[in-house]
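**Q** Take this structure first; my questions come after.
The values are calculated or read from the model by the stated rules, or taken from the named source; none is laboratory data. It should be emphasised that the depicted structure is a prediction, and the values quoted were computed from it without experimental measurement. When we count neighbours, we look across all protein chains shown, and the Cβ atoms used for this are built from the backbone with ideal geometry, even at glycine. SASA here: full protein model, heavy atoms, side chains in, ligands and nucleic acids out. Shrake-Rupley method; radii C 1.70, N 1.55, O 1.52, S 1.80 Å.
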Amino acid sequence: MSDNSKATGLTPIQQRFILHWGEMGARWGINRTVAQVHALLFLSPRPLHAEDIATTLGVARSNVSTSLRELQGWGIVRVTHLLGDRRDHFESLKDVWEMFRIVMDERKKREFDPTMHMLHECIVEAEKDKATDEYTEERLKELYKFFETTTTLYAQVRRWTPAAIFKFMKAGDKVLKALGLGA
């Protein structure tokens, strides 16, 4: 869906959101059309079939199919069926907190976990390799510790309910001050 396209059946606000979601997706390393398909399904009050998605967004049906497979792989879009219609229909998760958790879990699995594994291997090898300088070894250890701490924090926060997250955020600086960490 380009800025010049005449998407059918979308309000100007829907078009604006879908275009922006596509741009943000591209910045996050997600294919623009994948993000636009997700945005359309997120805004849709009913499941849509692939032909509707392709027509609405003005993209090729094959591109929609590829996008839907990727979104299903992420676990944020699912296939559903409607009585009297043999086609597959698709719907996005509507709970933004659950969607956020799933995306974060997938990013952790696809990005953080392999990076931590590689860093660990590099640190083990660096400790054995006399040619590796101490500075490099320390940089790798510091980066590993960052990933380890971030992963631990994520695992803790991931278990919180949205209500707990809101309360924690509202408390913000008060919590840090009570722990002796605030200004």
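**Q** I'd like the distance between the alpha-carbon centres of the range 147-183 and the range 43-77, rounded to an integer number of Å.
**A** 36 Å
**Q** Right, next: Per residue, how much accessible area does the chain show when a 1.4 Å probe rolls over the protein heavy atoms, in square angstrom?
**A** Value for the chain: 67 Å² per residue.
**Q** Further question: What are the lysines whose alpha-carbon lies under 23 Å from the alpha-carbon of K109, with same-chain residues fewer than 8 places away excluded?
**A** Answer for K109, where 23 Å is the Cα cut-off: K94, K141, K145, listed by chain and number.
**Q** Counting only protein heavy atoms and a 1.4 Å probe, tell me what percentage of the range 54-171's accessible area is made up of carbon and sulfur.
**A** Of all accessible area on the range 54-171, carbon and sulfur atoms account for 59 percent.
**Q** Provide Rg over Rh for the range 108-183; use the alpha carbon set for both Rg and the Kirkwood Rh (inverse mean inverse pair distance).
**A** 1.16
**Q** How big is the range 51-148 on each of its three principal axes, counting only the C-alpha atoms and giving the largest first in Å?
**A** Over the range 51-148, Cα extents along the principal axes are 69, 28, 20 Å.
**Q** Put a dot 7 Å past each Cα toward the Cβ at S62 and A178; how far apart are the dots in nm?
**A** For the pair A178/S62, the computed spacing is 5.9 nm.
**Q** Hey, with R₀ at 25 Å, roughly what FRET efficiency would I102 and L143 work out to, going by the Cβ-Cβ distance, to 0.05?
**A** That gives a FRET efficiency of 0.40.
**Q** Residue by residue through the range 138-143, what is 3J(HN,Hα) from phi via Karplus (6.51 cos²θ - 1.76 cosθ + 1.60, θ = phi - 60°)? Round to whole Hz and write x for glycine and proline.
**A** 5, 4, 4, 5, 5, 5
**Q** Name the most mobile residue of A163, A60, A155, meaning the one with the largest mean-square fluctuation, in a Gaussian network model of the chain with Cα contacts below 10 Å.
**A** Sorting by GNM fluctuation, first place goes to A163.
**Q** Using modelled amide H (1.01 Å from N, peptide plane; none on Pro or chain starts), what sits under 5 Å from the amide H of H49, excluding residues fewer than 5 places away?
**A** Correct list: F90.
**Q** Across the chain, where is the longest run that never hits trypsin sites (Lys or Arg not before Pro) in a DSSP loop with at most 16 other C-beta atoms within 10 Å?
**A** So the longest stretch without any such site is 7-93.
**Q** Among I102, G9, G73, which residue has its Cα furthest toward the positive end of the charge dipole of the chain, with +1 on Lys/Arg Cβ and -1 on Asp/Glu Cβ?
**A** Projecting each Cα onto the dipole axis, the largest value belongs to G9.
**Q** Please enumerate, by chain and number, the lysines with C-alpha under 17 Å from the C-alpha of K167, excluding those fewer than 8 residues away in the same chain.
**A** Cα-Cα hits under 17 Å: K177.
**Q** Compare Q15, Q156, Q72 in a GNM of the chain, Cα atoms joined below 10 Å, and give the one with the largest fluctuation.
**A** Taking springs between Cα atoms under 10 Å, the residue moving most is Q156.
**Q** Strictly greater than 11 Å: what percent of every Cα pair in the range 83-127 meets that?
**A** Distances greater than 11 Å cover 74 percent of the Cα pairs.
**Q** If you take the beta carbon distance between T11 and R86 as r and set R0 to 22 Å, what does 1/(1 + (r/R0)^6) give as a FRET efficiency, to the nearest 0.05?
**A** Efficiency, rounded to the nearest 0.05: 0.15.
**Q** In µm²/s, what is D for the range 1-117 at 37 °C and 0.692 mPa s, where D = kT/(6 pi eta Rh) by Stokes-Einstein and Rh is the Kirkwood radius from Cα pairs?
**A** 223 µm²/s
**Q** Running a GNM on the chain with Cα contacts under 10 Å, which residue among D95, D52, D85 ends up with the highest mean-square fluctuation?
**A** Residue with maximal mean-square fluctuation among D95, D52, D85: D85.
**Q** Oh, and also: Can you compute 3J(HN,Hα) from phi for each residue in the range 157-163, using the Karplus curve 6.51 cos²θ - 1.76 cosθ + 1.60 with θ = phi - 60°, rounded to whole Hz and x for Gly and Pro?
**A** 5, 4, 7, 6, 6, x, 4
**Q** Let me ask something else. Mind giving me the FRET efficiency for A26 and E125? R0 is 45 Å, r the Cβ-Cβ distance, nearest 0.05 is fine.
**A** Taking R0 as 45 Å, the efficiency between A26 and E125 is 0.80.
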